[in-house]
Structures are given as C-alpha cells and as structure tokens.
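The values are calculated or read from the model by the stated rules, or taken from the named source; none is laboratory data. Keep in mind the model is a prediction, meaning the values are calculated, not measured. Here the Cβ is made from the backbone with ideal geometry for all residues, glycine too, and neighbour counts use every protein chain on show. Each accessible area value is taken on the protein alone, full model and side chains, heavy atoms only, with ligands, DNA and RNA left out. Shrake-Rupley method; radii C 1.70, N 1.55, O 1.52, S 1.80 Å.
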Amino acid sequence: MAQDATVPELNFGYWLDKAIEWGQATTLESQKDVCLHLPQLQEFLHQLYETIKHSGSTVAIQQFPLIGQLLGRLCWNPFVIGYDESQKTLMWCLCCLYSSEPQNAVELKANSWIRSLLCHLLSSSKWESNEAETSTFISALGYTSADYYCHLVKNMVVSLVTELRENQFNGLNIQGSISASRVNAVSIFCVPLITLPDLTPLLETLLLYHGGSSKEILCSEFLEAVNEAFLKKKISLPESAVFSLWLRHLPSLEKATLHLLDQLFSIQLNSLEEVACVMKDSLLPQAARHPAIFRIVNEIFKNALLETDGTSGVMTIIQVFTQLFLQAHQNENKQPKFPLKAYFPYHHQPLVRGLVRRPFELPTTYWSQHLKRISDMLKALVEDTNISSLTDLFEIWFLVACFGEWLDIAAEQLLKAAAEPDAVLWLLAFYYCPKNENQQRTQTMVEAQAVYNHLMMLFSCTDLSLKDLEAAIHRITGTEQCWNQHLTTHLLTNFLLFSPGGHKIAQECIDHITKTTDTSKEVYNLLIRTAYRFKHSGEENQRTVKLLNELLQKLILKV
C-alpha cells in the first residue's frame, strides 16, 4: 500500500477513510499501513480531543457528525489501541461525547454505546483473552495472561535479536542471510511498540544493523518514531544506537538539534553549567565526534545565528557546544581519532589548530603570544585578495566565533596589559565588525583604541566614580552612532571585573549600561561565560568571583 503524503491538521475525513480502509487490521498490508500512520493518528486524536473537550457532546457531534463512527472503528483496531497513548486519548474523546444529562432516547442509546466502548478499551488494556481455549492453555503453563504475553514478547525479541546479530556477523553466508524486506517489515511492526521496555534490545539491534544494502533498509517511520520517543525520554538507548540513528537518518538529527535549541531557549538558565548539562543529556556533543554529525549540527547552529541576527545568547550556546565537542573528541579512546580537517575541511588548518587549543592546555604566560599568532593568521586570511565574497568572510568569522573562549580571554588580557594591544584589538574588532565596507572595521578599530587607552589610564586607580567612565558609558548608552557598542561593552565590563577601582563602582555602572533588555542579555552572557571559565580554571581571585556572582544575581532579574 503506497504511503500517503503528510496529512493536513485535523483532516477528519482523511482519518475516517483510513479507519474504514483498515477495519480491524486483519491483513498484512493493512497492518503495515496502520503502523506507518500511528504517530500521525495519535497527533490527530490529541488535536481532536483539544478541539472538543470544552464544547459539550451536542456541539461536538454538530461539529463532527461522523465522530462516533470514527472513534468506534478505531477502538476495535488492536494496533491503534496498543500504540503509546492512543488508547487513553480515545477514552478522553469518548468521555467528551457522553451526555451527563441525556434528554432523549438517542442520547441514552449513545451513552450506552460509549460505556460499552470504554469497557472494551479498559479490558483490552489488561491483556485478557476472550477465548477459553487460550486461557486454559496459558493457565496450564502456570502463567497469568499478563505473564504469558510478557514472556511471549521477550522471547520474540530475543529470537529476532539473535537472528539479526548472527546475520550481521555472517553477511557472506547468502543462504542464511535475512532479506532487506524482512528487516524492513520488522522495523514497521516495531512502530506501535516503540515505548515497550522489553523491545529496547531489538530497537538497538535494528539501529546498529546495516546488512549488505547501500540503501536504507529500515522504515523511515520507524526511525522517526524512535527519535521522537528518545527526545521525549520515553525510551532509553545506548549512545551507539542513538549515534547510528542520527547517522542513517538526517531528519532525526535535524529534529534532535532543533529540539535542543528549543529546550535551551525555553528555560531560564542561571549558569553555563546548566547549559552544558542540558547539552550533554541530549548526547549531541558526544555524537559530534563523528565529523558528518558535527558538520550538520554546526550548520543548523549557523542558521539559527543568522535567523536571530547574531544574538549573544545563541552565540554563547554555540561556544559551549564547541567546548563540549572538543572535550568529547579529546577524551575519545578510539585510535586513531578523526583528524581536525574532517571537522573543518574548508578552513585554514593552522588557524583551526590554534583555535582548538584550549586555554587551560597552555600556561597563562603563553596566552598573549598565542592570541597574537591567532590574530596574525586571521588578519592575513581576511586581507587576502582571494577572500572576495561575504560568504567566505562569514565562514571565517563563524569559525572564530565558535571558539569564543579565546575572544573573552583576549579582552581580559588586553586590560591586564598582558597582551600586545594592536594585534588583540584587531582580533576583537574583527569579531565585532567582520565587514570592512565603508571602512567599518577600520573605524571600529579607531574607537576601540580610544576606549582602550582611556580605560588603561584608569586601570590602576583605586578611587573611581561613574563620571570617570562617562566617555565609555556614553558610547554604549548614547543616541549618536557608535561604530561598535558591543566591543565597548565587552571592554568596559572586563575593566569593572579586573581593575581595583572598577570593583567599587561595578554595580552602579552595570545598572547604568543595562537599561535595555538587549544590553542586559549581552552583559549577562558575558558574565556567565567568565564565571564558567573561572570555575573550571580557578585562575581568578575570590574577590572578583564574589563580584561576578553579585552582578549575575542582579542581572538575572532583567533578562
């Protein structure tokens, strides 16, 4: 039976036709078709329930005159009532049609019919057999019905797993090999049972099974259903099985990545430890050890950054993900590991190697030299006449942005007078203003130099007031054009954290420059990145850490 295209939302007529076509799913062909449509059907039933739950039985029947016929047919389809939460949703829908105060014989008859369907659904959920012979046979074996069916499922799973694994290791034995169509059929019949705990070994074996075919032999609906159940934490799978799922089914990897972004955007995260925890739980940083997965996830992040116009929150997420990926890559026991070029195939490899070096891998005294090397390589690349398109320039910028840890250290080292100012200022100016149309980056560099010189004059002062920082603050809060307020914000925030006098006026100054939500988020993301680095390196004194925590507690109310 040919698979249908995506079904429009709440297409009642479509599902009624399907229910009539399926009947009680007694043929192999109809059973396959039911299995392929179960996730969509469950979503439809949920939407139907949401539509009728507050309308009352009379209005519901007026809106959907054939709703009784649809629900009645689905209630007698064993595949439908055995799938995930479909049985429960059918019960909810039936309850919506029940008349609490029946006014006539029709409503009384409808109530009686609904009660019989509910009894049928409730009895179905208890694995009870209506056939005396079967019941007697099960009792003779010493089992209850529930025990018998549980053992039956376990034995079936063990048998299929053994068969698939033997075939995987003996792929050259053509006579004993399993056909691709049989493996495909097994994957189809697993769809209604995905969330059954006893099925997990079979799911794992199928996901790791490849056979000898160059084409995908597992049903796409099976792969989608497994991914959906995993993302909703309805099943638990070994890492290897999840990675194999994402490698063989690109839509599942894309959905997992977008699901992670939705999670991170929808919850209030107080620290990058929480961001890292959510990311690790998704398994995506670990899966990214495979270059194909890394490049696809990176591309999705890149698009998210473009769609949000480069917000600091998205950039922070990308930077944390990159750090976790590097940890997973470095900790991988497999030898040889994939080379860096496999992850960044189109980039200047010496620059990649420089950015990939984690700061904690180098003595702090070497940071300044390392930053100058990165800046020099980057400047040579950007000013190369071969880099003519904005796309090329964006790709270089995005590579640098992914390793933002070095950019935060650059701003810090600059104000501590531990770095060569010109090279590091150019690096920061490029990050905040990669294009040089109409001399934008050149002007940014000039303004950054002026702010830097002003802050350095004040760096050793222990008695500062807000008036001393008026010029820098005005560049952030003023109405006239400043070529790059973001770079000024970065430098000023670091000045408040690391200068002796900055500590005293930090609260007042941060209050002054974070009057808008966007600036509040920008400073907040900068501070939580700094706190995250301090926690993992222990490089800063307790006074600075205390100030950092106080500023974060105050800013969290604004973001």
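Computed quantities for the displayed model
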{"read-out": "Candidate set: the stretch 391-431, residues that are touching a residue at least 24 places away in the same chain (Cβ under 8 Å) and of a type in the set (D, E); chosen: the one most open to solvent (accessible area, probe 1.4 Å)", "value": "E420"}
{"read-out": "Condition check for V451: modelled with pLDDT under 90, touching a Leu at 6+ places or on another chain (Cβ under 6 Å) and open to solvent by less than 20 Å² (accessible area, probe 1.4 Å)", "value": "yes"}
{"read-out": "Hits in the stretch 9-33 (condition: in contact with a helix residue (DSSP H, G or I) (Cβ under 6 Å, 6 or more places away or on another chain), assigned to a helix (DSSP H, G or I) and either open to solvent by 40 Å² or more (accessible area, probe 1.4 Å) or modelled with pLDDT of 90 or more (or both))", "value": "W15, L16, A19, W22, K32"}
{"read-out": "Any helices (runs of 4 or more DSSP H) falling wholly within the stretch 432-536 and containing at least 2 residues that are touching a residue at least 12 places away in the same chain (Cβ under 8 Å) and among the hydroxyl-bearing types (S, T, Y)", "value": "440-458, 485-498"}
{"read-out": "Residue within the stretch 477-487 that is crowded, with 17+ Cβ neighbours inside 10 Å and at pLDDT 85 or above present", "value": "yes"}
{"read-out": "Helices (runs of 4 or more DSSP H) contained entirely in the stretch 199-318, each with at least 2 residues that are of a type outside the set (K, R) and open to solvent by 10 Å² or more (accessible area, probe 1.4 Å)", "value": "200-208, 220-231, 239-248, 250-266, 272-282, 291-307"}
{"read-out": "Residue pairs meeting the criteria (Cβ under 7 Å; at least 6 apart or on separate chains; first closer than 16 Å to L16 by Cβ, in the stretch 62-88; second open to solvent by less than 20 Å² (accessible area, probe 1.4 Å) and part of a loop (DSSP other than H, G, I, E, B))", "value": "N77/A25"}
